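Everything on this sheet refers to the single structure shown next.
Every number in this text was worked out from the coordinates using simple rules, so none of it is lab data. As the structure is a prediction and not an experimental result, all values here were calculated from the model. Cβ placement follows ideal geometry from the backbone for every residue including glycine, while neighbour counts extend to all protein chains displayed.
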Amino acid sequence: MTIEFEPLVEDTIPDPRIKKAELLSDPESRLDSQIMKYTPMSDSSISFRDMTNLASKKASITKLIEKLNVEGNLRYKRTIEDTYCNVYSFDYCYFSRVYLPTVWWTDEALEKVLDGEEVEAIFGETVDHIYSSAIHDWFLKWGASFGWKRLYTIEEIQNLVNNNGGVGIICAKRKEKGLSGHIVPVIPECDKNKAHRINGETLYPLQSQAGKLNHNYFSEIKKDWWNDDLYSSYVLYYHP
């Protein structure tokens, strides 16, 4: 079973009843392993985002991208069965101190959570995988409850990430139900890596992704991939 949602209208009012669906970190969840991808890594060599000031936020994000090294580490390597954009985005957000689900409550467990019951996150029982198409809808339904703000332009999301050292996300939903969408972090620009602009307008933000091809940094390579005919819609979200 994987989590799916019916088409949703955005809910911009945070729901105080909702709780994170979080699994405990597992020592088998590692950069050099392809198992336990849905649990957080407990690798002490991976530094969390330093929230001291703008410079420390941006410097620690750069350090995080280099450490996760989506282009080289086995955790994110494409397999015959799947790609791992959701795993990489989860790791990026987790170490940036921002909540993005890699598992989510089952329907039955969610009802209990919203009724105020204490529910333990148990994989395959109360929580299950959530993939990028469902994460698109999760943002619309639950994003505001976890501090995410919806944006509407590429220019805005790149500027906020640059100027505040926060976390940006582009998430697209696949037209064909059951097939994978795509989710990608938008990251702060640095001296070596920039967004793609024409006449000062940001057309393609600076991004980092796992997918069919993995890139630590890219902007022009996939152009405006979120407008591809494969996808029915996309959302832009930002978290400080």
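Rounded to the nearest 20, the Cβ-based charge dipole of the stretch 153-217 about its Cα centre (Lys and Arg +1, Asp and Glu -1) stands at 400 debye. For the Cα atoms of the chain, what angle does the longest principal axis make with the long axis of helix 132-142, in degrees from 0 to 90, nearest 10? Result, in degrees: 80. Over the residues of the chain, the helix contribution to mean residue ellipticity at 222 nm works out to -7000 deg cm²/dmol, using -39500 (n - 2.57) for each DSSP H run of at least 4. Along the stretch 90-106 the Karplus relation, 6.51 cos²θ - 1.76 cosθ + 1.60 evaluated at θ = phi - 60°, assigns HN-Hα couplings of 4, 4, 4, 5, 4, 7, 8, 6, 10, 8, 9, x, 10, 9, 9, 4, 5 Hz to successive residues, with x for each Gly and Pro. Helix 154-164 and the longest principal axis of the C-alpha atoms of the chain enclose an angle of approximately 90°. The stretch 17-75: Rg/Rh from Cα coordinates, Kirkwood Rh? That ratio equals 1.04. Seen through its C-alpha gyration tensor, with square-root eigenvalues sorted a ≥ b ≥ c, the stretch 16-239 comes out rounded because a/c lies under 1.5.
Stretching Arg150 away from Asp32 to a fully extended chain increases their span by 39.1 nm, per 0.36 nm per residue minus the current alpha-carbon distance. Restriction of the GluC sites (Glu not before Pro) in the stretch 39-142 to DSSP coil positions whose beta-carbon has at most 16 other beta-carbons within 10 angstrom yields Glu71, Glu81, Glu117, Glu118, Glu120, Glu125.
Full extension of the chain segment joining Asp43 with Asn164 gains 40.9 nm, where the gain is 0.36 nm per residue of separation less the Cα-Cα distance.
Residues whose amide H lies under 5 Å from that of Ser96, counting only those 5 or more places away or on a different chain, are Arg49; hydrogens are built 1.01 Å from N in the peptide plane. Remark: the chain carries a charge dipole of roughly 1000 debye about the Cα centre, counting +1 on each Lys and Arg Cβ and -1 on each Asp and Glu Cβ. If you take all other residues with their beta carbon under 14 Å from the beta carbon of Arg49, and give Lys and Arg +1 and Asp and Glu -1, the sum is +2. Each of Arg17, Arg197 was scored by other Cβ atoms within 10 Å of its Cβ. Arranged with the fewest first, they read Arg17, Arg197. Among the GluC sites (Glu not before Pro) within the stretch 169-214, those in coil by DSSP and having at most 14 neighbouring Cβ atoms inside 10 Å are Glu176.
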